[in-house]
1. What does DSSP give for the chain in terms of the percent of beta bridges that are antiparallel, rounded to the nearest 5?
2. Could you state the orientation-averaged shadow area of the convex hull built on the Cα atoms of region 71-126, in nm² to one decimal?
3. Report, to the nearest 10°, how far helix 86-97 tilts away from the longest principal axis of the Cα atoms in the chain, using its own Cα long axis and a range of 0 to 90°.
4. Restricting the calculation to Cα positions, tell me the Rg (one decimal) and the Dmax (whole number) of region 1-86 in Å.
5. Taking only protein heavy atoms and a 1.4 Å probe, what accessible area per residue, in Å², does the chain have with all protein chains in place?
6. Run lengths n ≥ 4 of DSSP H only: what is the helix-derived mean residue ellipticity at 222 nm for the chain, with -39500 (n - 2.57) per run over all residues, to the nearest 500?
7. Would you please name the trypsin sites (Lys or Arg not before Pro) within region 32-97 that are DSSP coil residues with at most 12 other C-beta atoms within 10 Å of their C-beta?
8. What do the square roots of 5 times the Cα gyration tensor eigenvalues come to for region 87-210, in whole Å, largest first, as semi-axes of the equivalent ellipsoid?
Amino acid sequence: MTEQGDPRGITLIVIAKEPVPGRVKTRLTPPYTSEQAALIAEAALADTLDAVAATTATRRVVALEGRPGAWLPRGFEVIAQRGAGLDERLANAFADVGGPAVLIGMDTPQVTPAMLADAGRRLSAGDAVYGPAADGGFWLLGLRDPDPRRLRGVPMSRPDTGARQLERLDGLRVATLGTLRDVDTAGDAVRVAAQAPGTRFAAAVRAGAR
């Protein structure tokens, strides 16, 4: 995206899981119940999709495990996730969309349209854009020329995931964004809710803490 918001053909992808109790945000239980964890996950996803919808991107895609629900706004394409591990699912999401794309997950409900626009601008000027997560992973990855080999085989959900992913981007012009905390644990949920108190996510966290 340019300074004026021109997306230049960059697609925004959200990789997401249907918020079903017992299948999402299991590390929030306890102290939250499985039902509360699913509501928190749904709120995080809805906030993320709102941020994507508020950008000027002409193509918005949800790479989904499961079925769409009422949380899905208009204007999004839905594709099924493919692959066994998360590395394969990310690689296949880029491949299925084709062309330059920026991918985020559903675990950073504090993301804003401005952050996504900045990622798009940086990708327009380079080869890749990378958003590090506080736990050592990454919350955003953008690739101008997606190559599955850039992702397949990267170990996921480890403290060195981000470092290993960056190794795969060697030789590319990579722009690095600010670090965000993604929501894995109850402590993460409380911290992120405090950072974004007006979100649906924050309301769901507060409701679950009662």
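1. 35 percent
2. 5.0 nm²
3. The answer is roughly 60 degrees.
4. 14.6, 45
5. Values: 9430 Å² over 210 residues.
Counting only protein heavy atoms, the per-residue value for the chain is 45 Å².
6. Details: 6 runs with 72 residues, N = 210.
Result for the chain, helices only: -10500 deg cm²/dmol.
7. R74
8. Details: eigenvalues 147, 50, 31 Å².
Sorted largest first and rounded, they come to 27, 16, 12 Å.
The values are calculated or read from the model by the stated rules, or taken from the named source; none is laboratory data. Here the structure is a predicted model, which means the values were calculated and not measured. Ideal geometry is used to build each Cβ from the backbone, glycine not excepted, and the neighbour counts take in all protein chains shown. Please note that ligands, DNA and RNA were not included when accessible areas were found on the heavy atoms of the full protein model with its side chains. Shrake-Rupley method; radii C 1.70, N 1.55, O 1.52, S 1.80 Å.
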